[in-house]
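In what follows, a single structure is set out as structure tokens and then discussed.
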Amino acid sequence: MAAKSDGAPVSLRNDILPECLPGSDERSPQCLPDRKRYSLHDCSWTLCALLVFFSDGASDLWLAADYYLSRNYWWFALTLVFVIVPSVVVQVLSFRWFAYDYSDTNDSSTAAAAVAASGAESHFTTKDSDQPGAGRDAEFGKLPKTGTMGGARGCCRAFMWLFQCFIHIFQLAQVWRYVHALYLGVQSRWRGDHERRHFYWRMMFESADISMLRLLESFLKSAPQLVLQLSIMVQASQVLPLQGLSASASLVSLSWMIASYQKVLRDSRDDKLPMSYKAVSVQILWHLFTIGARTMAFALFASVFQLYFGIFIVAHWCIMTFWIIQGETDFCMSKWEEVIYNMMVGIVYVFCWFSVREGRTRCRMLIYSVVVFIENAALTTFWYVYRGPHTSDFNALIIVCMVASSYALGTFFMLVYYCLLHPDGPISGWGWGVPEEVAVESCLSPASSLPPDVVASPPRTLQRTKGGDREQMGGANADVFLVRTLKRGAKPNLPPLAPRTEGPVIRIDLPRKKYPAWDAHFIDRRLRKTILVLEGAAPVTPRIQYRCLGSATEVMEYETTV
């Protein structure tokens, strides 16, 4: 199956560009490469993510052991189930990814190597879905066959398989991936230019994997664990130190992973501006307080109405999942995978807002926020009215005020993020800060001055575009991306980048994925293999070209070769 994505050639963030010119906007494409080098802040962020992971898991296991020693076997079983089951699910998915990535890749490797060796201006395509690495240019001739592996290489592969089995059996896949991403990032910093680009590719792939795995684990483990421990506290009318530690670690893990997911997503895409660590910190506080208020309302209601709480959660999840499916998301490579993805996002929507498609999200976020506010108020009110006699009116009023103030603080930090720290610039009123739009040519048309088989490298960073802008454009000369300027005082006339015409081109036969999904070469692991082999074999960095929806000739060319 060929990968999908919308006609723009996507170039690496870490390609070499002219230095930042005096007076240029610091977020302009010319200024980006210096900031996108792996930095000490990136290293510290990974180490903090490891600390959050260990604190969350260790506190839950410690609490489960304490329940067992205290003869609270029912609480012990529930706490342990919410630790083991999500961890096993994540380990299975992680090992499946490893098995595919590390399997013998003769087809894609030899094809990519043949393309890289054939010349500097060769094109490489992924049109044959059964042979994901097969090139279409006839001049490549018959691809070479790889020989049998030597004894030393076979032993290394066997050791790697045993090592990964050991890692996944002991539930340490996330730790290994964090350490591996840290190693790749450091290597991309220390190595030479060509090796730096190669290690940066691999580091971004690894970061994408760990972000998706940790986000899945957080909402399968940390979210229900947080609700469970808060319910136990309310029901028992006391807060044990270990309970408070476990609940706090779960809450921090949830808010951390949502913000980390968004940051890695933006850092990996060339058509998105990166998110600063200041913005990430504010986003963590936003989710920390909103999820805290949400889970406190859940815990209060569940401590009195266990059965009705289960019905409410299932009903809310079904409604949110239907809402997401109705929005026609475009994340996965097949329909059934898309449905599973929507179901998982429906779990996220039980606790917090999560953008799943391109376009203006303010209306959808407003609807979701109003619904959550009404639900939180109703759940807390039902608990206040039907609470047990062991909770005094004064204590109950304090708890209600805590839920309300936590949600208000979360809303405040959300407004701070969108009004001051959003990567695309501040949002004022109901529109973006600057209404002007600048067209950026990202897909060659027949009238282009470049040869029709040459893909020019676009600016390394494009501001976020509206989904409708791309889908409604037509005609052979239509521009694919509409880019918003960041500030009224910014200089719009940046020196144009000279197009790169050398090196292999990976042509992906589908329109570019919509925000917030990763590009196809991050989702489709076959394309990862091709990119990494080309990156290591070619003298220059391979370029990626997605199908252009704006060019009729381009669409016909792709349709006749699929």
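The values are calculated or read from the model by the stated rules, or taken from the named source; none is laboratory data. Since the structure is predicted, the reported quantities are computational estimates derived from the model, not experimental observations. All Cβ positions, glycine included, derive from the backbone under ideal geometry; neighbour counts span all protein chains shown. Just so you know, the surface numbers come from the protein's heavy atoms only, side chains and all, with ligands and any DNA or RNA stripped out. Shrake-Rupley method; radii C 1.70, N 1.55, O 1.52, S 1.80 Å.
So what J values fall out for the stretch 82-96 if you push phi through Karplus, 6.51 cos²θ - 1.76 cosθ + 1.60 with θ = phi - 60°, rounded to Hz, Gly and Pro as x?
6, 9, 7, 4, x, 5, 5, 4, 5, 5, 5, 5, 5, 5, 4
Keeping every protein chain in place, order Lys278, Lys263 by accessible area at 1.4 Å, biggest value first, i.e. largest first.
Lys278, Lys263
Which order do the peptides 252-259, 223-230 come out in when sorted by mean C-beta neighbours inside 10 angstrom, highest first?
Most protected by this proxy first, the peptides run 223-230, 252-259.
Between Ser369 and Ala404, what's the calculated FRET efficiency when r is the beta-carbon distance and R0 is 22 Å? Round to 0.05.
After rounding to 0.05, the efficiency reads 0.95.
In terms of modelled amide H atoms, which long-range or inter-chain residues lie less than 5 Å from the amide H of Gln545?
When sequence neighbours closer than 5 places are left aside, the close amide H contacts are Val10, Ile506, Arg507, Ile508.
When ranked by the protection proxy of mean other Cβ atoms within 10 Å per residue, highest first, what sequence do the peptides 336-349, 314-327 form?
Packing proxy ranking, top to bottom: 336-349, 314-327.
In the stretch 191-232, what trypsin sites (Lys or Arg not before Pro) fall in a loop by DSSP, with at most 14 other Cβ atoms inside 10 Å?
Here the sparse-neighbourhood loop sites are Arg191.
Mind listing the phi-derived Karplus ³J(HN,Hα) values for the stretch 151-166, rounded to whole Hz, using 6.51, -1.76 and 1.60 with θ = phi - 60°, and x for any glycine or proline?
x, 5, 5, x, 5, 5, 5, 5, 5, 5, 4, 4, 5, 5, 4, 4
Given Cα pairs under 8 Å that are at least 6 residues apart, what percent is the relative contact order of the stretch 147-273?
For the stretch 147-273, the relative contact order is 21 percent.
For Glu195 paired with Arg157, estimate the spin-label separation in nm (one decimal), with each label point 7 Å from Cα along the Cα-to-Cβ line.
Each label point lies 7 Å from its Cα, and together they span 2.5 nm.
Can you pull the one-decimal nm distance between simple spin-label points at Val416 and Leu51, each 7 Å off the Cα toward Cβ?
Roughly 2.0 nm, to one decimal.
Sorting check: for 400-410, 292-302, which peptide has the highest mean count of neighbouring beta carbons within 10 Å, and how do the rest follow?
Highest mean packing first, the order is 292-302, 400-410.
Which pairs break 26 Å Cα to Cα here: Lys278/Lys529; Lys263/Lys513; Lys263/Lys529; Lys221/Lys263?
Lys278/Lys529, as the Cα separations exceed 26 Å there.
Determine ³J(HN,Hα), in whole Hz, for all residues of the stretch 405-421 in sequence, where each value follows from phi through the Karplus function 6.51 cos²θ - 1.76 cosθ + 1.60 and θ = phi - 60°; x replaces Gly and Pro.
5, 5, 5, 5, 5, x, 5, 4, 5, 5, 5, 4, 5, 6, 8, 10, 10
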